[in-house]
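Worksheet: one structure, shown below.
The values are calculated or read from the model by the stated rules, or taken from the named source; none is laboratory data. Note that the structure is predicted; figures quoted are calculated from it, not measured. In this analysis, Cβ positions are derived from the backbone assuming ideal geometry, glycine residues included, and neighbour counts consider all displayed protein chains. Just so you know, the surface numbers come from the protein's heavy atoms only, side chains and all, with ligands and any DNA or RNA stripped out. Shrake-Rupley method; radii C 1.70, N 1.55, O 1.52, S 1.80 Å.
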Amino acid sequence: MKQRIAVAGAGPAGLVAALALARAGHAVHVFERRDCASTASRATTFHPPAVDLLDTLGVLDALAPQGRAVEELKYFRCYTGRPELAAHFRLELLKDQVAHPWRLHLEQYLLTDALRHAVAALPSARVEFGAAVVDLAETGTGIDVCLERESGPGRESFDWLIGADGVRSTVRGRAGLRFEGEDYAKRVLRVMTPADLPTLIPGLAGVSYLYYEDDSASLLQMRDHWRIVLRLPETVTDEEALDPAYLHKALRRFVRTAPDLPAQARDTYSASRRIASAFRRGRVLLIGDAAHVTNTRGGMNMNAGMFDAWTLAQEFSGAADAAALEVALDTWADRRRAIAVDELVTRTERSVGGGATYLAAIEASARFPDRARRFLREVTMLDIAPDFAAPPAAAS
């Protein structure tokens, strides 16, 4: 059943959906409100099942050399000001369950660039920049999408509209769906440094977490720099956090001998936990940040959005007729929302808020292979990821 599908938003979720749907024979038009592709530094973590997805989509070979493959996770106790290894996990423990037992660190804009070119190469797909979806109207047999372009307003008809237009989703709002949740009290400081951090902390892995009492820091190795991520006390202003002296002071809580580190860039941002009241309403479907956002610790939300997109494409391509598609989409929406509520938010909050208690549980898991495997399945999202063994069947 060939469908005409509009996608609002040319981020990872929207482009994964567009590519999977177009390859299955559906007619797809992606509308992106920006005039050009974003090059902002945003999400960077692709867990092993997401790497499998990139391979299935045919973009991994081009992307992998631009990123950093990470095969280990390490957790350090820093109670004395001198980091001590508390737990060490090797992702090769998952090699019998996933095709790529490693985590890829890659700037999000590199992914969207590769996906956009793959989508644009397909005859049944189009990506249009400078076209904002501003309203929608169901017609009974389809949905009209109201657009704002530089040339003026427009209106186009489709069978379905996928909202992948981010946290402030216009599609979600126009569909009358709520975005339920709250902002986290603590903001986040992110610093990109070219410093050789393993000289500061010997034995550092490409993904390392430092714990001091109930405070923690994340260290992520990229291809040509490290990312340092810290949660800010509520009393610290953005101006104070962006002062180079603050990073030095904050790191010395974990590493007493920490020197001043050079920074390529630094920024602060807020985080929130919010989930749409439903992932489907009529002919509108929500994926990615339009459907759910959560704490950035663990790098799960973007991966979950890509999984939303892939599983949605599977439902469109697997339905035998219109009635079957209706049932399949309802089931998909309920299942994806349950995963967001029961797993996505819960896991990210536990990893941030657990503090010393969470670290003790991690240490215990690392001592036994079976428990270590279960832990890795959870932190890599493997236990809630779809199967990417084959692309969706072609639409008839």
Practice task
Give the accessible area for D61 in Å² (nearest 10); use a 1.4 Å probe, count only protein heavy atoms, and leave out ligands, DNA and RNA.
Solution key: 130 Å²
Fill in the blank from the handout: Over the Cα atoms of segment 1-152 the radius of gyration and the largest Cα-Cα distance (Dmax), both in Å, equal 19.8, 66
Exercise for the section: As a check on your grasp of the helix formula, calculate [θ] at 222 nm for the chain: sum -39500 (n - 2.57) over DSSP H runs of n ≥ 4, divide by the residue count, round to the nearest 500. Expected result: -9500 deg cm²/dmol
Handout entry: For segment 257-311 and segment 155-183, distance of Cα centres in Å
Key = 16 Å
Handout entry: Share of alpha-carbon pairs per 5 Å distance bin for segment 166-283, given as whole %
Key = 2, 10, 18, 19, 14, 10, 9, 8, 6, 3, 1, 0
Handout entry: Convex hull per residue volume in Å³, alpha carbons only, for segment 1-67
Key = 104 Å³
Handout entry: Packing rank of 282-293, 226-237, where each peptide gets the mean count of other beta carbons within 10 Å, highest leading
Key = 282-293, 226-237
Handout entry: Degrees, to the nearest 10: 369-379 long Cα axis against longest axis of the chain
Key = 50 degrees
Problem - Quotient of Cα Rg and 2.2 N^0.38 Å for the chain, N being how many residues it contains - result: 1.01
Problem - Within segment 1-82, trypsin sites (Lys or Arg not before Pro) in DSSP loop having at most 13 other beta-carbon neighbours inside 10 Å - result: R34
Problem - Accessible surface, per residue, of the chain when the full set of protein chains is kept, probe 1.4 Å, Å² - result: 42 Å²
